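> This is the structure I want to talk about, given as structure tokens.
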Amino acid sequence: MDTYDLITRNAEEVVTDEEIRELADDPDGKRVYVGYEPSGVLHLGHLLTANKLIDLQEAGMEVVVLLADVHAYLNDKGTFEEIRDTAERMKAQFIAYGLEETQTEFVYGSEFQLDEEYTLDLHELELSTTMNRAQRAMAELQSGETAKVSHLVYPLMQALDIEYLDLDLAVGGLDQRKVHMLHREEIPELGYEARPCLHTPIVADLTSGEGKMSSSDGVTISMEDSTAEIEEKVNSAFCPPTRDPEGDLENPVLELFEYHVFPRFDEVVVERPEQYGGNVTYEEYESLAADLESGDLHPADAKGTLATYLDDLIEPGREKLRELRS
RNA sequence: CCGCCCUUAGCUCAGACUGGUAGAGCAGCCGACUGUAGAUCGGCUUGUCCCCCGUUCAAAUCGGGGAGGGCGGACCA
């Protein structure tokens, strides 16, 4: 796979394609980041962007993971001490998942976000950003909740981080689009250069197949799930025997194969009894999806296989969590 | 600083005037049907009624106090 394809595979959107191509021409040593609000247990949403980071590492880029402790504080997630603690656990799980510890720079937001220069730049951003715009950019804000001042500052800091971490590319889920666009529009006003952005898709909810809204309350698979729990969750997932369900729905089982399994495994073996056709091996997502569509692959067999591979991906992190808790 | 409104199931809310210790929709869970899930049937669960004090035989409901949230007014330094 050539570098450009590796960088952009499974991306929902890149801004802009020209800038990404330029990066792909000379990726060595280029700095790329994802910011995460510390969470004690990683789930598939985190792992989707982590997969992209692994791709970019493979492409030769330097990966920066921002452990956004100040952001978490602004989002009322606890004291700095508590947040630090969950951030450390998050870091351990990322490494267990496959981010090379020696090639990944883990940075706490508080290491630079409290500096005077940063603060003054932040105030300048506040000066030119309306509350309306800031609130719309705040992905973390629960719908219906009335924004606090902290919630409005939050996305402005995200926009600034991209400059202060000296990045060449910003990565995030599609839910981060508005923040990134705010960055691209406002950061030149401060005399800095806007950076290109890459957005991963937001995977549909497992049980309903409703997508595009990063609903935090839906069922998701996390690092603390047991093998049995994963099997149970995958088995109860929405999965019509087609790749393009009615209406706005997605097939979450296929999405997990596409975004989580195939990027990390060279081949996927579906084990099934002779009665249903015997084992099949897939080397790419497309052929698996096509077989589901045609009926050559039954959803129940797809689910069993998915659970097995997801379990493999989760296992190291699960082990790490067990260690941290003992 | 002043005024008004809100707070009941996981969520959105009804019930309050005319006290009798709680309901609907959605969600969720369990079965049936499908070699998965969904859809469709059938069944089921859920509550500090924001807190405290008072009145009363009896308070989600009435009175007083408090907390949290929302909105507006005043102020134009």
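The values are calculated or read from the model by the stated rules, or taken from the named source; none is laboratory data. The model shown is predicted, which means the values in this text are computed figures rather than measured ones. Reconstructed Cβ throughout: ideal geometry from the backbone, glycine too, with neighbour counts over all protein chains shown. Surface accessibility is based on the protein's heavy atoms, side chains included, excluding ligands, DNA and RNA. Shrake-Rupley method; radii C 1.70, N 1.55, O 1.52, S 1.80 Å.
> Here is a check on your reading of the model: is A:Ile187 within 16 Å of RNA strand B (Cβ to nearest atom) and open to solvent by less than 40 Å² (accessible area, probe 1.4 Å)?
Working: within 16 Å of RNA strand B (Cβ to nearest atom): no; open to solvent by less than 40 Å² (accessible area, probe 1.4 Å): yes.
Here the answer is no, as A:Ile187 does not meet what is asked.
> A further question on this structure: Please verify whether A:Arg264 is open to solvent by 50 Å² or more (accessible area, probe 1.4 Å), basic (Lys, Arg) and at pLDDT below 95, treating the condition exactly as stated. Show your work before the answer.
Numbers: open to solvent by 50 Å² or more (accessible area, probe 1.4 Å): yes; basic (Lys, Arg): yes; at pLDDT below 95: no.
No.
> Being under 15 Å from A:Pro263 (Cα atoms), of a type in the set (A, V, I, L, M) and open to solvent by less than 30 Å² (accessible area, probe 1.4 Å) narrows it down to one of A:Leu44, A:Leu23, so name that one. Reasoning before the result, please.
Working: A:Leu23 fails: under 15 Å from A:Pro263 (Cα atoms).
Checking each option against the conditions leaves just A:Leu44.
> Given A:Ala307, A:Ala289, which one is of a type in the set (A, V, I, L, M) and more than 25 Å from A:Ile7 (Cβ to Cβ)?
A:Ala307
Residues are listed down the side, and each one gets a yes or a no for (1) modelled with pLDDT of 95 or more; (2) closer than 25 Å to A:Gln135 by Cβ:
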residue: A:Ala68; (1), (2): yes, yes
residue: A:Lys77; (1), (2): no, yes
residue: A:Thr86; (1), (2): no, no
residue: A:Glu100; (1), (2): no, no
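> Which members of region A:26-41 meet the condition of being surrounded by 15 or more Cβ atoms within 10 Å (Cβ to Cβ) and not in a strand (DSSP E or B)?
If the condition is that a residue be surrounded by 15 or more Cβ atoms within 10 Å (Cβ to Cβ) and not in a strand (DSSP E or B), then A:Pro27, A:Lys30, A:Glu37, A:Pro38, A:Ser39, A:Gly40, A:Val41 are the ones that fit.
> Can you pull out the residues in region A:100-118 that are part of a helix (DSSP H, G or I), hydroxyl-bearing (Ser, Thr, Tyr) and open to solvent by less than 40 Å² (accessible area, probe 1.4 Å)?
If the condition is that a residue be part of a helix (DSSP H, G or I), hydroxyl-bearing (Ser, Thr, Tyr) and open to solvent by less than 40 Å² (accessible area, probe 1.4 Å), then A:Ser110, A:Tyr118 are the ones that fit.
> Can you say whether A:Asp205 is within 14 Å of RNA strand B (Cβ to nearest atom) and closer than 30 Å to A:Ala139 by Cβ, as far as the supplied structure shows?
yes
> I'd like to know if region A:153-171 contains one or more residues that are farther than 28 Å from A:Thr8 by Cα and buried (at least 17 other Cβ atoms within 10 Å of the Cβ).
yes
> Hey, any hits in region A:192-214 for a residue that's assigned by TED's automatic domain parsing to the domain that holds A:Gln113, surrounded by fewer than 19 Cβ atoms within 10 Å (Cβ to Cβ) and either in a helix (DSSP H, G or I) or of a type in the set (Ser, Thr, Tyr) (or both)?
Yes, there is a match, as at least one residue in region A:192-214 is assigned by TED's automatic domain parsing to the domain that holds A:Gln113, surrounded by fewer than 19 Cβ atoms within 10 Å (Cβ to Cβ) and either in a helix (DSSP H, G or I) or of a type in the set (Ser, Thr, Tyr) (or both).
> From A:Pro252, A:Pro263, grab the single residue that is of a type outside the set (D, E, K, R) and within 15 Å of RNA strand B (Cβ to nearest atom).
Residue meeting the stated conditions: A:Pro252.
> Could you say whether any residue in region A:119-131 is in a helix (DSSP H, G or I), under 24 Å from A:Val203 (Cα atoms) and in contact (Cβ under 8 Å) with a residue 60 or more places away in the chain?
No - not one qualifying residue is present in region A:119-131.
> Now, a different point. Checking A:Thr305 against (1) free of Cβ contacts under 8 Å to residues at least 40 places away in the same chain; (2) within 11 Å of RNA strand B (Cβ to nearest atom); (3) surrounded by fewer than 21 Cβ atoms within 10 Å (Cβ to Cβ): exactly one of these is not met. Which one?
The one condition A:Thr305 does not meet is (3).
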